[in-house]
Amino acid sequence: MKRGVAVAALLLTAVAANAHDLITAESAQRYLQQARKWQALAASSPPQRAEAQYRIGAMLDEIREFLNRDLAAHGTVQGLPSAFLVAELQRQGVPLAWSQQRRRFGANTQYFERSLAFAPRGPHATDAGLRLLLGRFYDSFESDPLAADESWPRLAGQIALAE
């Protein structure tokens, strides 16, 4: 009886540990396949380049959110699939932006900038502009938005983008 309870407790612990991982082996592989697909498309015609740049940026935003949740909860990225994904994205040439000072992943705004450069009125232009604006804003300060380290020309550009 005690052995059965111990086995059940061990299984519950293993299931809970796996359920806590925000990035699984399957999702890591899916993200890496998407990264390869969008990178290949980024070398084609300008409208397709805009789409690819937007998709890479959106994918990295999603991954960044998961990893930053891990960092907030544990102080480090948890799980082998997460560590593998970060390393493989780096190797494939689409690394996540890391801020050593803030100890978190920042926004990869360059993909949204490129998407807008290729297709300023494209189907994803509005969302790319919003993601660019939000990424720049939230990465511009540590904890107090009024203490942002932004120049007036850059702030004016962000205001224009928001409008």
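Scanning region 71-82 for residues that are assigned to a helix (DSSP H, G or I) and within 14 Å of the chain's Cα centre (by Cα), we see that the one that is surrounded by the most Cβ atoms within 10 Å (Cβ to Cβ) is SER82.
Pairs meeting the criteria (first residue in region 75-96 and polar (S, T, N, Q), second residue surrounded by 18 or more Cβ atoms within 10 Å (Cβ to Cβ) and modelled with pLDDT under 95, beta carbons under 7 Å, at least 6 apart or on different chains) are GLN78/ASP70; SER82/ILE23; SER82/ASP70. Go through region 86-98 and give me each residue that's over 16 Å from SER27 (Cβ atoms) and in contact with a strand residue (DSSP E or B) (Cβ under 7 Å, 6 or more places away or on another chain). The answer is ALA97, TRP98.
Screening the candidates PHE66, PHE112 for the property of being within 17 Å of LEU22 (Cβ to Cβ), part of a helix (DSSP H, G or I) and either in contact with a Phe, Trp or Tyr (Cβ under 8 Å, 6 or more places away or on another chain) or hydrophobic (A, V, I, L, M, F, W, C) (or both) yields one hit, PHE66.
Each residue in region 40-55 was checked for being in a helix (DSSP H, G or I) and surrounded by fewer than 15 Cβ atoms within 10 Å (Cβ to Cβ), and 3 of them qualify. Scanning region 98-139 for residues that are among the polar types (S, T, N, Q), within 27 Å of ASP70 (Cα to Cα) and more than 15 Å from the chain's Cα centre (by Cα) yields GLN100, GLN101.
Among the residues making up region 106-129, a single one is in contact with a Ser or Thr (Cβ under 7 Å, 6 or more places away or on another chain) and surrounded by 20 or more Cβ atoms within 10 Å (Cβ to Cβ): ALA128.
The values are calculated or read from the model by the stated rules, or taken from the named source; none is laboratory data. Quick caveat: nothing in here was measured; it's all calculated off a predicted structure. Methodologically, a virtual Cβ is constructed for each residue, glycine included, from the backbone with ideal geometry; neighbour enumeration extends over all protein chains shown.
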